[in-house]
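A quick write-up on the structure given underneath.
Each reported figure results from applying straightforward, stated rules to the coordinates on display, with no laboratory input. In this text the structure is predicted, and so the values were computed from the model without any measurement. We place every Cβ from the backbone using ideal geometry, glycine too, and count neighbours over all the protein chains shown.
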Amino acid sequence: MRVLQVNKYNYLRGGSETVFFNTINMLEEHGHEVARMCVNHPKNEPSQWQQYFADAPEIRDIKGVAGKLRSIPRFFTNRDAARKMERLICDFRPDVAHLHNIFNGISLSILPVLKRHGVPVVITLHDTRFICPTDSFNMLDKKRCDSCLKSSWGLNCGLHRCYEGSFVNSWMCALEMLHKERLFHYDDYIDRYIFVSRRYKEFHSARHDFFDKKGVVLYNFDARVSKFKPEPNRGGYFLFFGRIAANKGIVTLMETMQRLPDIKLHVVGTGPLLDELKSRQMPNVDFLGYRSGKELSDEIENASFIIVPSEWEENNPMTIVEGYTYGKPVIGSSLGGIPEIIEPDKTGYVFPAFDKDALAAAIREASQITDERYAEMSRRARAFAEKHFNPGAYYDSLTEIYKEIQV
């Protein structure tokens, strides 16, 4: 099968890129021909498909209101992306196109091109851009904002400066939402929606019933699940790894760790709050910066529990997928798709998001369980990964979707 994979970035920037690269590698290992289309970016990995990458400067990097205003047409319809897609289809002749993160870069402009050439389209929804002008629901007074779910206009994003507090960027996101909802009618071009959590399918189906009719739930996978089977290893620290940003619950976690001076935490990652949190100089918290490859694997392997204290509606966090792969139980918040992949007292603990008392209690309990109970939780976490994050099962389900939409 000839599969076209489409994503904004061609480097490991976040969870959607991890899935993008994992899917390409998996398909190629099974003998499929895979092409890719992305935007040009200085951090991109080298690619034989570079000539088909579209020009799309980051909106947040464009200086001044005038520059942002000039970029508005490209924000809605990237003509360069449409031209590059036309060339790529003619040269590669894909049987199916699998889209990931395309907003604010590639744009919806590629969909009519794919439709015109008869290429069926499936898209994996890694965020909420089809139902919220930003890429995630904002949390207002610790509650999910769903005002744009109740209207197809999305103008509240501009009125409340929902996108990083920026007036211009928020209005551009609001107008882009208006464009795709009221003018573009994207569902006419998409054959199947892949959701990576049941919770996100519920969110989207509450907005439009076609998400329910054409949507399937397929959890993310980790290729390492089929390559090794770890023995329970109760490491000497708890581990947070990911972006050091407020919506990841890292501030709540730091304030919680101040109450637990005898418990060690390793923090892996970078982000806007890194310097501020490091300046607190907490003796029981080590900030290790960016880690990848074997360095990150070693950190996970030698941890006891993974902590995912997210304070936004996480979808299907790769931190949990990767943690379970190594047999690591998880302490996770109650938002988004997190609770559906943590079995309380079996593969970890779920605590109410924002609740420092409950998080502290979960961490304390996890630190005090017996080695025998820890080993059992570790085995259950790994078993969950083998059942739900298995690359073989994922491949079978994904290729079946590809075949269905080609009929």
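General observations
- Translational diffusion coefficient (Stokes-Einstein; Kirkwood radius from C-alpha pairs) of region 224-388 at 37 °C, 0.692 mPa s, in µm²/s: 211
- The simple Förster model, with R0 at 45 Å and r as the Cβ-Cβ distance, assigns L260 and D396 a FRET efficiency of 0.55.
- Distance in nm between pseudo-label sites at A206 and Y237 (7 Å out along the Cβ direction from Cα): 3.9
- Charge dipole of the chain (Cα centre as origin; +1 on each Lys and Arg Cβ, -1 on each Asp and Glu Cβ, all else neutral): 920 debye, rounded to the nearest 20.
- Distance in nm between pseudo-label sites at R93 and S367 (7 Å out along the Cβ direction from Cα): 6.3
- Cut-off under 5 Å, modelled amide H: who pairs with K264 long-range: F238
- Spin-label model distance (nm) - L183 vs R116, 7 Å beyond Cα toward Cβ: 1.8
- Rounded to the nearest whole Hz, the Karplus-based 3J(HN,Hα) values (6.51 cos²θ - 1.76 cosθ + 1.60, θ = phi - 60°) of region 177-191 follow the sequence 5, 4, 4, 6, 7, 9, 10, 8, 6, 4, 5, 5, 10, 10, 8, with x at glycine and proline.
- Residues L12 and S279, FRET efficiency given R0 of 25 Å [Cβ-Cβ distance, rounded to 0.05]: 0.35
- Calculated log₁₀ intensity ratio I(q)/I(0) where the Debye formula runs over C-alpha points of region 291-407, q = 0.10, 0.12, 0.14, 0.18 Å⁻¹: -0.34, -0.47, -0.62, -0.93
- Residue-averaged 222 nm ellipticity for the chain, from DSSP H runs of 4+ at -39500 (n - 2.57), nearest 500: -11000 deg cm²/dmol
- When the chain is described by a simple charge dipole with +1 on each Lys and Arg Cβ and -1 on each Asp and Glu Cβ, the residue from L114, F228, S292 located farthest towards its positive end is L114.
- Fraction of beta bridges assigned by DSSP in the chain that are antiparallel (%, nearest 5): 5
- A compact globular protein would have a Cα radius of gyration near 2.2 N^0.38 Å; the ratio found for the chain is 0.99.
- Separation of alpha-carbon centers, region 291-321 and region 1-36, rounded to whole Å: 21
- Among the listed pairs K278/K346; K248/K328; K248/K387; K201/K278; K115/K248; K264/K346, those whose Cα-Cα separation exceeds 30 Å are K278/K346; K201/K278; K115/K248.
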